[in-house]
Amino acid sequence: MITNVILVIHIAVLGYWFGSELVINSTYRYVSYADEMPFPERARLMDHVMHVDQHVRYALALQAILGTALAALYGYIPGGERLAWTAGLLGCLWLAFIEAVHRLRQAPIGNTLSALDRQSRYILMLLLFALALGLVGGTWPMPAWLRWKLALFAGVMACGVGIRIALIAHFRTWAVMAKEGPSAETNDIIRSTYVKATAILVLLWIFIAAIVVLSLWKPM
């Protein structure tokens, strides 16, 4: 019974993740092309985009937590119920940390927390790739489709990193706009950055679609 409940939540979180990405992209596009809007209003909407971005972070953590619990309960990885409960406990701590990173981003400790957050994601990506390649848990009874799914999940995370890198130009230019006001040049940079970030986001959506196909098809 509990396994079925976790599975339903696992599926629902994927929709929650995809929907959050759509809202973020749609609002970001509106902000990027709203040249005639007073900058304070654009800045307020951009701040809203950063708040909504938290939902993507929650979804990522929830997928990792629920996926680990399901893999343990199905016997794909060792640990059984004990690992499932441990994943749930550690997951709650992870979600609390994500919230702290967001709320304290302007505080003196904000940069340190953000760095720890990024490093933890890099470690998780490496672990997922290692599991997918069998470098870790090579003898576990994990089907090939699940290893492919883990590789795709790591790809989703890598796309998230790519989007963050693409947005560096946005935040640098946004700071100039806040200080000196928008110009044709800075607006062009903002729009160009939106296009680059969206291109990576489309790849992320393709990875998510592939994850759904593998989850339903389960090829050997």
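To the nearest 0.05, what FRET efficiency results for Leu95 and Glu41 with a Förster distance of 22 Å applied to their C-beta separation?
With R0 = 22 Å, the Cβ-Cβ based efficiency is 0.10.
Between rounded, prolate and oblate, where does segment 1-124 land on the alpha carbon gyration tensor, with a ≥ b ≥ c its root eigenvalues, rounded for a/c under 1.5, else prolate if a/b exceeds b/c?
Cα axes put segment 1-124 in the oblate bin.
What number comes out for accessible area per residue over segment 29-171 if the probe is 1.4 Å? Units Å², please.
On the way: 7760 Å² over 143 residues.
Result: 54 Å² of accessible area for each residue.
Hey, with R₀ at 22 Å, roughly what FRET efficiency would Met50 and Ala115 work out to, going by the Cβ-Cβ distance, to 0.05?
0.80
Could you give each residue of segment 116-121 its phi-based ³J(HN,Hα) in whole Hz, using Karplus coefficients 6.51, -1.76, 1.60 with θ = phi - 60°, and x for Gly or Pro?
5, 4, 5, 5, 5, 5
With r as the distance between the Cβ atoms of Lys179 and Ile206 and R0 = 41 Å, compute the FRET efficiency 1/(1 + (r/R0)^6) and round to 0.05.
Efficiency at R0 = 41 Å is approximately 0.60.
With a/c under 1.5 counting as rounded, go ahead and sort segment 158-218 into rounded, prolate or oblate using the C-alpha gyration tensor (a ≥ b ≥ c being the square roots of the eigenvalues; past the cut-off, prolate if a/b is larger than b/c, else oblate).
On the way: a/c = 5.28, a/b = 3.52, b/c = 1.50.
Prolate, because a/c is 1.5 or more and a/b exceeds b/c.
Semi-axes of segment 146-191's equivalent ellipsoid from the Cα gyration tensor, sqrt of 5 times each eigenvalue, largest first, rounded to whole Å?
The three semi-axes for segment 146-191 are 35, 8, 5 Å.
Out of the total accessible area of segment 1-122 (probe 1.4 Å, heavy atoms of protein only), what percent is carbon and sulfur?
For segment 1-122, the apolar C and S fraction of the accessible surface comes to 67 percent.
Given 0.36 nm per residue, what is the gain on full extension from Arg191 to Ile123 after removing their alpha carbon distance, in nm?
Gain in length upon complete extension: 21.3 nm.
Work out from phi, with θ = phi - 60° and the Karplus expression 6.51 cos²θ - 1.76 cosθ + 1.60, the ³J(HN,Hα) of each residue of segment 102-107, listed in order in whole Hz, and give x for Gly and Pro.
With coefficients 6.51, -1.76 and 1.60, one gets 6, 6, 9, 5, 8, 7 Hz.
Using Cα-Cα distances under 8 Å and only pairs 6 or more residues apart, what relative contact order does the chain have, in percent?
20 percent
Determine the dipole magnitude for segment 124-220: charges of +1 sit on the beta-carbon of Lys and Arg, -1 on that of Asp and Glu, nothing else is charged, the reference point is the Cα centre, and the result goes in debye to the nearest 20.
So the magnitude is around 260 debye.
Lysines near Lys196 by alpha-carbon distance under 28 Å, same-chain residues fewer than 8 away left out - which ones?
Lys149, Lys179
Given axes a ≥ b ≥ c from the Cα gyration tensor, I'd like to know whether segment 99-220 is rounded (a/c under 1.5), prolate (a/b larger than b/c) or oblate.
oblate
So, with +1 on the Cβ of K and R and -1 on the Cβ of D and E, and no other charges, what is the size of the charge dipole of the chain about its Cα centre, to the nearest 20 debye?
Charge dipole, the chain, about its Cα centre: 460 debye, nearest 20.
Over all directions, average the projected area of the Cα convex hull of segment 64-118 and note it in nm².
Directional mean of the projected Cα hull area for segment 64-118 stands at 3.9 nm².
Between segment 72-114 and segment 159-180, what's the alpha-carbon centroid distance in Å?
Taking the Cα centre of segment 159-180 as reference, the centre of segment 72-114 is 27 Å away.
The values are calculated or read from the model by the stated rules, or taken from the named source; none is laboratory data. In this text the structure is predicted, and so the values were computed from the model without any measurement. Neighbour counts are summed over all protein chains in view; Cβ atoms, including those assigned to glycine, are modelled from backbone coordinates with ideal geometry. The accessibility values were calculated without ligands, DNA or RNA, using every heavy atom of the protein model including side chains. Shrake-Rupley method; radii C 1.70, N 1.55, O 1.52, S 1.80 Å.
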